[in-house]
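Computed from the coordinates by the stated procedures, all read-outs in this text should not be read as laboratory data. Keep in mind it's a predicted model, so treat the numbers as computed, not measured. Don't worry about glycine lacking a Cβ; one is built from the backbone with ideal geometry, like all the others, and counts go over all protein chains shown.
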Amino acid sequence: MVERPTTEEYAAFYEGYIQLVPEGNIIEQLEQQANIVQTLLSSLTEEQANYRYAEGKWSVKEVIGHLLDNERIMSSRLLRIARGDKANHPGYDQDVLMQSHPFNGYIVADLNEEYAVTRRSTILMLRHLTPEAWLCRGIVSDNPASARSIAYILVGHELHHLSVLRDRYSLDVKL
C-alpha cells in the first residue's frame, strides 16, 4: 500500500486536498471515485448537467470537464516524475483551459465515456508503478512533488469537487 505523502513532497497549496483523502489504498479510492462519477453522470439529464448554481459558475459538465483536464495534467506529471524526469513541470490556469474548450457542447454520455477512459488510464498506470517509483521526486511549479503526492492530490481534488456538486448543485453524490 502506498503511504500518505509527507509535507515535504508537495506544495503547501495542496495540503487541503491531501487532507481530504481518507486512509486506505489510493488506487482503490480512485476506482471508487470513478464509480461515483459515472453513476452520477448516468443519472443526469442534459438539463441537469448544464445547470449552474450561480451566474459565472461552471455548469456540472464544466466541473467534470475540469476534472478531466486536471486528471490528464496531473497524470502526466506523475508519470514523468515516477520515471525520473527532473524538469520543472509548469502550472496551469484552469480558467484559461475552461474558456478554450466547450464542455457544455458534450452530451452527458460522451462526457461519461471520456471520464471513464481517462480515469481507467490513470489507474492502469498506477498499478504498474514500482515501490521506488511512487517515492520519486520532481518539481512542479517550482515546488517539490513526489509521484505519490500527485496521486493523493488527484483523489483529494476530485473529493473537493464532488462535495461542491453535492452541496452547491444539490446533486445526489454519495461520497
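Rounded to the nearest 20 debye, what is the charge dipole size of region 1-130 about its Cα centre when +1 sits on each Lys and Arg Cβ and -1 on each Asp and Glu Cβ? Mind showing how you got there, number by number?
Working: 12 positive and 19 negative charges, 75 e Å.
So the magnitude is around 360 debye.
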On Cα atoms only, tilt of 60-82 relative to the major axis of the chain in degrees: 10 degrees
In degrees, nearest ten, helix 108-127 long axis to first principal axis of the chain (Cα): 10 degrees
Alpha carbon convex hull of region 27-101, projected area averaged over orientations, nm²: 6.5 nm²
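For the chain, what is the relative contact order in percent, using Cα pairs closer than 8 Å and at least 6 residues apart in sequence? Let's see the in-between values first.
On the way: 215 pairs, mean separation 71.5, N = 175.
Answer for the chain is 41 percent.
Report the Stokes-Einstein translational diffusion coefficient (µm² s⁻¹, integer) for the chain, Rh taken as the Kirkwood radius over Cα pairs, at 10 °C with viscosity 1.306 mPa s.
Working: Rh = 16.6 Å.
Roughly 96 µm²/s, to the nearest whole number.
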Region 58-77 residues near the modelled S43 label - backbone nitrogen below 16 Å, point 7 Å along Cα→Cβ: 60-61
Pairwise centroid distance, computed over Cα atoms, of region 74-99 with region 1-25, Å: 17 Å
Under Karplus coefficients 6.51, -1.76 and 1.60, residue-wise ³J(HN,Hα) of region 34-40 in Hz, glycine/proline x: 4, 5, 4, 5, 5, 5, 4
Amide H within-cut-off set for V2, under 5 Å, with H built and near neighbours excluded: I26
Amide H contacts of S146 (H built 1.01 Å from N, under 5 Å, at least 5 apart or other chain): G138
Nearest-ten-degree value, helix 147-167 long axis tilted from longest Cα axis of the chain: 20 degrees
Label-point separation in nm, E31 to D167, each point 7 Å along Cα→Cβ: 2.9 nm
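Give the whole-number value, in cubic angstrom per residue, of the convex hull volume spanned by the C-alpha atoms of region 107-168. Each step should come with its number before you reach the end.
Numbers: hull volume 7.0 nm³, N = 62.
It is 113 Å³ per residue.
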Around Q99: net Lys/Arg minus Asp/Glu count, Cβ-Cβ under 13 Å: -4
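Go ahead and run the numbers for FRET between A11 and H101, Cβ-Cβ distance against an R0 of 25 Å, rounding to 0.05.
Values: r = 26 Å, r/R0 = 1.02.
My answer for the efficiency is 0.45.
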